[in-house]
């Protein structure tokens, strides 16, 4: 007879007699108890299913839009007469405004109500899409992209926060897995869909396609997303908003994120254009961190980082977003720059990554739902990601078609596993009154990692490219490649030139070496992610409490 599994620690749920978060001291946070019998699931009716479909739809729309526009930027900039600076701003404005407002949306939804803030975000996302679709110059497009990011960041965070409120921890792995699948699919398929619209129809459809998608949540949210209301006056709610925290956080993170994003591309690291915003941004964020210790309703409360399982998963989410977005961004660049594929062909060749991430995310959630344990997912996800990123180092300018496809599979499985493998520990380590803020912070950490990853990858790629290309005798039309940051934008020019095969292969090898440096860095970061698993403990999933704004369908 097989040996029984060891008992699973149970997180004690702290009682609250006020609106402020209270947690038990670290020494009493966890007690070892015999694992409860698997909790019987309640049957969900059509109102719940339609409400969940609306949440999945907004998550998909936001994730898709976050990655679909970047591949079309050269075509957009050419059509609208955009400068290098404007192209840069168009590329980063969505992610920047998204991460800036995610903690704000999370905090406001805790005060004013999830449904109300969600609907505001849907409207902002739709308005931003309209502005982009009808823009006649780059400045208008950038403004639309920023508005879209404000709404999109809220859609990503609130879809997971509301799911946390309307389900119990016992039944959440299944629904979180489906939502993770949708989010992963949107992020991974974004470049393919964006490239197809830009080349075959019009880049404007990258924005317009959001409007028919948003019809579903616009109709379903008011009709079927019935949540418990917060019985407080509007004056009381406004008094609870962390206005000082917001005033410190938004400009601080804006300056910090802009500095690290444009450092090395638009400005040198040592220039005033980088150093000044970086220093002021860090100072404002330090002031924000100090103030949050005194705020009664903080944007990022200290208790988020008091439980090892929770902060381990949050740090893991940051590293996961960093690696995932860098891979999604640079795999098509490798296929186009090193192998000379067209954008659509490159995106199709990257489908194993897209499909693998999506399938492994939902399969892992089903597995956790069945075996009722999750630490194995965090460990295996990071292990596979580390090995998979290491396999990417084997890519060169002569990689065969089977290897182009096969080498993506291991990394795709690992990165997909980490969606539920890190999200569920955050939930298990938080009581029903903490889970909403904890999940919103989890999404914020992943998106912050994405911004840092894109900036880090850009600097690594450009510096390596510039160091290698200076040894190459470039023809006149390709002299711009001497600036490593122009390497990606000049890929279309490289394809149109009729160069001798030997000369062209030398240049393609430089692209290969530059992307290989990115893969090496991501391998190391994935290894660091593996170390965060030591903080994640196995806690019970058999709790049956719903959140503060539970479903009333």
task = Could you tell me the convex hull volume per residue, in Å³, taken over the Cα atoms of region 437-503?
result = 99
query = Rg(Cα) of region 156-263 divided by 2.2 N^0.38 Å?
reply = 1.48
query = What are the principal axis extents of the Cα atoms in region 407-553, in Å, biggest first?
reply = 68, 32, 23
query = Tilt of helix 138-166 relative to the longest C-alpha principal axis of the chain, in degrees (0 to 90, nearest 10)?
reply = 30
ask   = Given [x] 24.0; [y] 25.0; [z] 31.9, which label gives Kirkwood radius over Cα pairs in Å as computed from the coordinates?
value = [x]
message = Only counting other Cβ atoms within 10 Å, I'd like 358, 271 sorted with the fewest neighbours first.
response = 271, 358
note = When 161, 131 are ranked with the fewest other C-beta atoms within 10 Å first, the list becomes 131, 161
ask   = Which order do 498, 65 fall in if you start with the one that has the fewest other Cβ atoms within 10 Å?
value = 498, 65
ask   = To the nearest 500 deg cm²/dmol, what mean residue ellipticity at 222 nm is calculated for the chain from DSSP H runs of n ≥ 4 alone, each contributing -39,500 (n - 2.57), summed and divided by the residues?
value = -24000 deg cm²/dmol
task = Using only C-alpha positions, report the orientation-averaged shadow area of the convex hull of region 242-296, nm², one decimal.
result = 3.4
request  = Please report, in Å, the Rg and the Dmax of region 269-407, where both are computed over Cα atoms only.
outcome  = 20.5, 59
remark   = Mean separation of Cα contacts under 8 Å (at least 6 apart) over the residue count of region 242-296, i.e. the relative contact order in percent, is 49
query = Where Rh denotes the Kirkwood radius from the mean inverse Cα pair distance, what is Rg over Rh for region 192-232?
reply = 1.32
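Values in this text are rule-based calculations from the coordinates and carry no lab data. This structure is a prediction, so every number in the text was calculated from the model and none was measured. Please note: Cβ atoms are built from the backbone with ideal geometry, for glycine as well, and neighbour counts cover all protein chains shown.
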